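Scroll down for the structure; my scribbles are underneath it.
The values are calculated or read from the model by the stated rules, or taken from the named source; none is laboratory data. Note that this is a predicted model, so its numbers are computed, not measured. In this analysis, Cβ positions are derived from the backbone assuming ideal geometry, glycine residues included, and neighbour counts consider all displayed protein chains.
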Amino acid sequence: MDDADTGGDDAAPGDAGGGDDAIGDDDDASDDSGSGDDAGGSDDGGDDAGDDAATAGDDAGSGTTQALEMTFYGWDDNSPPGNAIAYPKNAGYPTVHDGAGGTGTYADPITFASDPNEFPVGTIVYAAVIDKYLVMEDACGQCETDWTSGIWHIDVWMNSNGTENADDLFHCEDQWTQSTTSVVIGPPDGLTVTTAPLFDPSTNACRTTP
């Protein structure tokens, strides 16, 4: 993760286009905002907000809704290319995976990257726009930059393994990018989940619905 990025610029289902740098290992592979970086710090305001995010899901077990920007990154625009993440479980972090992945269920949420002051490492959120649970496991350079201005931003891992056509992956990242959407922080189990990945590297197909 280092300023990684998502892909081209096609608007996503219901949204603005342009991915971001992917996290824990991204590089500007596509063209947009980015995520990926080592978890950098933000300002004091970010710390306070991060604390709020960490405890947000404690209200009656229903979680707290937060509006934000959602971008995507994958194998080809991670930095360096691959599925390495900044906060792997095998390094002692309170996360789920040793490398970016996940199916989107509550037990196996998909990796997302952000500023750790915005979303503490291991935070689980639910994104209705893609019918999937996500977990904070990676760093995102653009997210950290945005957070210093109080802008909420997450970069979500898109299923990929290095065998896909990179341009098709970037196009799918851009297609699903959301300039404004919302997630539930600290969500309950049992929300609607579609485990089929948004992108299939074996066929280079990008889903148009969750």
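Of all the criteria given as (1) without any contact (Cβ under 8 Å) to a residue 12 or more places away in the chain; (2) under 23 Å from E118 (Cβ atoms); (3) not basic (K, R), the one not satisfied by S179 is (1).
So which of T95, T163 is out of contact with any Lys or Arg (no Cβ under 9 Å at 6 or more places or on another chain), outside any helix (DSSP H, G or I) and not acidic (D, E)? From the options T95, T163, the qualifying one is T163.
Only one of the listed residues (G141, G150) is at pLDDT 95 or above, of a type outside the set (D, E), over 16 Å from V125 (Cα atoms) and touching a strand residue (DSSP E or B) at 6+ places or on another chain (Cβ under 9 Å). That residue is G141. Scanning segment 182-196 for residues that are touching a residue at least 60 places away in the same chain (Cβ under 8 Å) and either loosely packed, with under 13 Cβ neighbours inside 10 Å or within 15 Å of I110 (Cβ to Cβ) (or both) yields V183, V184, P187, D189, G190, L191, T192, V193, T194, T195.
Against the list (1) of a type outside the set (D, E, K, R); (2) assigned to a loop (DSSP other than H, G, I, E, B); (3) out of contact with any helix residue (DSSP H, G or I) (no Cβ under 8 Å at 6 or more places or on another chain), the condition N90 fails is (2).
Do the conditions hold for V125, that is, is it within 12 Å of the chain's Cα centre (by Cα) and under 14 Å from T71 (Cα atoms)? I'd like the intermediate steps shown before the answer.
Working: within 12 Å of the chain's Cα centre (by Cα): yes; under 14 Å from T71 (Cα atoms): no.
So V125 does not fit the description; no.
Being outside any helix (DSSP H, G or I), at pLDDT 95 or above and not polar (S, T, N, Q): is that true of A60 here? I'd like the intermediate steps shown before the answer.
Numbers: outside any helix (DSSP H, G or I): yes; at pLDDT 95 or above: no; not polar (S, T, N, Q): yes.
Considered against the rule, which asks whether it is outside any helix (DSSP H, G or I), at pLDDT 95 or above and not polar (S, T, N, Q), A60 comes out as no.
If the condition is being in contact with a Ser or Thr (Cβ under 7 Å, 6 or more places away or on another chain), surrounded by fewer than 24 Cβ atoms within 10 Å (Cβ to Cβ) and among the small types (G, A, S), then segment 70-123 contributes G101, G102, G104, G122.
Taking the criterion of being in contact with a Leu (Cβ under 8 Å, 6 or more places away or on another chain) and in a strand (DSSP E or B), the residues of segment 181-210 that qualify are T181, S182, V183, V184, F199, C206.
Every residue in segment 101-122 that is part of a loop (DSSP other than H, G, I, E, B) and either in contact with a helix residue (DSSP H, G or I) (Cβ under 8 Å, 6 or more places away or on another chain) or basic (K, R) (or both), please.
Our first condition is that a residue be part of a loop (DSSP other than H, G, I, E, B); within segment 101-122, this holds for 101-109, 115-122.
If the condition is that a residue be part of a loop (DSSP other than H, G, I, E, B) and either in contact with a helix residue (DSSP H, G or I) (Cβ under 8 Å, 6 or more places away or on another chain) or basic (K, R) (or both), then D115, P116, N117, E118, F119, P120 are the ones that fit.
Residues in segment 138-155 that are in contact with a helix residue (DSSP H, G or I) (Cβ under 8 Å, 6 or more places away or on another chain) and not in a helix (DSSP H, G or I): how many? Walk me through it before giving the result.
We begin by selecting, within segment 138-155, every residue in contact with a helix residue (DSSP H, G or I) (Cβ under 8 Å, 6 or more places away or on another chain); these are 147-148, 150, 152-155.
Okay, now just the ones that are also not in a helix (DSSP H, G or I), so 148, 150, 152-155.
So the count comes out to 6.
Selection of segment 128-150 for residues being under 19 Å from T65 (Cα atoms) and within 12 Å of the chain's Cα centre (by Cα) yields I130, K132, Y133, L134, V135, M136, C143.
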